[in-house]
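Enquirer: For reference, the structure I am asking about is given below.
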Amino acid sequence: MTPVVADVFRHVQGQDAALGLLAAALEAGRVPHAYIFSGPAGVGKKTAARALAAALLCAAPRGPAAPCGECPACRKVDAGAHPDLLWVDYVYQAALLKEEPEKQRSLKIDTVRRAEASLRLKPLEGRVKMAVITPADALVEAAAHALLKLVEEPPPGTHLVLITEEVGALLPTLRSRCQRVRFSPLSVDALTRILTGDRLDAAGDDLARAVRGAEGSVLKARALLDAAEGLRFDWEGASLSELLAWGEGFQNPRLGRPAAERFLEGVLAQCQADVRAGTRDAEDLRRVFESLTRLRRNAAVSLTVQHLLLHLRRAAKKRGEAS
Ligand SMILES: [Zn+2]
């Protein structure tokens, strides 16, 4: 099997200074209980948080800073499904409020309180608990003060990572109590490696142009590529088999989270229609919904889509359809 989390570490490449700090803390067994990961969008802050979580939660690490990438804990971290890793973000808050994630504009005090309540429970599977608060600059003032209390008196075995593009927008007291890890814009070389999955020879003109225009951000580079490669798909009119054929493209690491979400939303709509028509098991629908939820909870994009496609192909085989 591919070591998934080793992949995660690889995808944070181009951030040697930041990763060096994290690795040194892990090696020394002295991981601060609160970090701030700061830097522009799309340069690996969340990926690094996921890698840190894997290092802290892995059941069979090859070293203090080397999660195995294969054990159930590593896989759950990568799939956004580890019970001891809490992503305190708009998706989390929307679920608490029973609202749409898109409608969330700030992180509220009740959200921080709910997160704190779960952090005060014992870890369910790992040795520690970790919460990633993102975007931390969206905390309303009361929420920031509640978080400050948590940072000052964390429950034992708790790790907090605050992610922000605007560190200046955080409470000064919060800033001073967390260790800051700076993420910088990625170099052209690092961006190219990430988007080609290390196959530099596979970089075409579109990719080279996107990388040059991306200002060091994977997000921007993917958006530029998305446009350049004509990946704007006819989501409304596509049949499920067309969608699934398109989804095979997610083996390609250049495709980003927004495209993956559009894809899964399309598959979800088709599956709903099939279930209503009685031509598909409700189990398929449940799996699609679960994948979409995981993706919105920061699961690794390619892994999530590939797992779902595998399930749908198996289900089609069982029904005796040609896939
Ligand atoms: Zn592991």
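The values are calculated or read from the model by the stated rules, or taken from the named source; none is laboratory data. Model, not experiment: these values are computed from the prediction. Note: ideal-geometry Cβ built from the backbone for every residue, glycine included; neighbour counts use all protein chains shown. Note: areas computed on protein heavy atoms with side chains; ligands, DNA, RNA excluded. Shrake-Rupley method; radii C 1.70, N 1.55, O 1.52, S 1.80 Å.
Enquirer: Can you find a residue in the range 193-202 that is polar (S, T, N, Q), under 30 Å from GLN13 (Cβ atoms) and not assigned by TED's automatic domain parsing to the domain that holds PRO61?
Expert: First, pick out the residues of the range 193-202 that are polar (S, T, N, Q): 196.
Filter again for under 30 Å from GLN13 (Cβ atoms), leaving 196.
Restricting the remaining residues to those that are not assigned by TED's automatic domain parsing to the domain that holds PRO61 gives 196.
Looking through the range 193-202, at least one residue is polar (S, T, N, Q), under 30 Å from GLN13 (Cβ atoms) and not assigned by TED's automatic domain parsing to the domain that holds PRO61.
Enquirer: So which residues in the range 62-76 are over 18 Å from the mean Cα position of the chain (by Cα) and within 6 Å of the ligand (Cβ to nearest atom)?
Expert: Kept after step one, since they are over 18 Å from the mean Cα position of the chain (by Cα), are these residues of the range 62-76: 62-66, 68, 71.
Passing the criteria: CYS68, CYS71.
Enquirer: On to the next question. Within 22 Å of LEU292 (Cβ to Cβ) and either in contact with a Phe, Trp or Tyr (Cβ under 9 Å, 6 or more places away or on another chain) or in contact (Cβ under 8 Å) with a residue 24 or more places away in the chain (or both), is that true of GLY80? Reasoning before the result, please.
Expert: Details: within 22 Å of LEU292 (Cβ to Cβ): yes; either in contact with a Phe, Trp or Tyr (Cβ under 9 Å, 6 or more places away or on another chain) or in contact (Cβ under 8 Å) with a residue 24 or more places away in the chain (or both): yes.
Judged against the criteria, GLY80 is a match.
Enquirer: From ALA59, ALA54, ALA79, grab the single residue that is within 16 Å of the ligand (Cβ to nearest atom), in contact with a helix residue (DSSP H, G or I) (Cβ under 7 Å, 6 or more places away or on another chain), in the same structural domain as PRO156 (by TED's automatic domain parsing) and open to solvent by 50 Å² or more (accessible area, probe 1.4 Å). Walk me through it before giving the result.
Expert: On the way: ALA54 fails: open to solvent by 50 Å² or more (accessible area, probe 1.4 Å); ALA79 fails: open to solvent by 50 Å² or more (accessible area, probe 1.4 Å).
Sole residue among the options that is within 16 Å of the ligand (Cβ to nearest atom), in contact with a helix residue (DSSP H, G or I) (Cβ under 7 Å, 6 or more places away or on another chain), in the same structural domain as PRO156 (by TED's automatic domain parsing) and open to solvent by 50 Å² or more (accessible area, probe 1.4 Å): ALA59.
Enquirer: Quick test of your reading of the structure: ALA238 fulfils all but one of (1) of a type outside the set (D, E, K, R); (2) on the phi > 0 side of the Ramachandran plot; (3) at pLDDT 65 or above. Name the failing condition by number.
Expert: Checking ALA238 against (1) of a type outside the set (D, E, K, R); (2) on the phi > 0 side of the Ramachandran plot; (3) at pLDDT 65 or above, the one that fails is (2).
Enquirer: Is it the case, given these coordinates, that LYS103 is among the charged types (D, E, K, R), in contact with a strand residue (DSSP E or B) (Cβ under 8 Å, 6 or more places away or on another chain) and either away from the ligand (no atom under 16 Å from the Cβ) or modelled with pLDDT under 95 (or both)? Please lay out each step first, then the result.
Expert: On the way: among the charged types (D, E, K, R): yes; in contact with a strand residue (DSSP E or B) (Cβ under 8 Å, 6 or more places away or on another chain): no; either away from the ligand (no atom under 16 Å from the Cβ) or modelled with pLDDT under 95 (or both): yes.
Answer is no for this residue.
Enquirer: If ARG280 satisfies all but one of (1) in contact with a Lys or Arg (Cβ under 9 Å, 6 or more places away or on another chain); (2) at pLDDT below 75; (3) among the charged types (D, E, K, R), what's the number of the condition it fails?
Expert: Just one mismatch for ARG280, condition (2).
Enquirer: Which residue is modelled with the highest pLDDT, if the candidates are limited to the range 241-261 and must be surrounded by fewer than 14 Cβ atoms within 10 Å (Cβ to Cβ) and more than 18 Å from LEU195 (Cα to Cα)?
Expert: SER241
Enquirer: Moving to a separate point now. Output the number of residues of the range 115-140 satisfying the condition of being in a helix (DSSP H, G or I) and either closer than 23 Å to LYS45 by Cβ or open to solvent by less than 50 Å² (accessible area, probe 1.4 Å) (or both). Before you say what the answer is, go through the steps one by one.
Expert: Quick first cut of the range 115-140, residues in a helix (DSSP H, G or I) only: 115-120, 136-138.
Checking the rest, the ones that are also either closer than 23 Å to LYS45 by Cβ or open to solvent by less than 50 Å² (accessible area, probe 1.4 Å) (or both) come to 115-116, 118-119, 136-138.
Here the count works out to 7.
Enquirer: Confirm whether LEU147 is in contact (Cβ under 8 Å) with a residue 12 or more places away in the chain and assigned to a helix (DSSP H, G or I). Break it down into steps so the answer makes sense when it comes.
Expert: Numbers: in contact (Cβ under 8 Å) with a residue 12 or more places away in the chain: yes; assigned to a helix (DSSP H, G or I): yes.
When the stated conditions are applied, LEU147 passes them.
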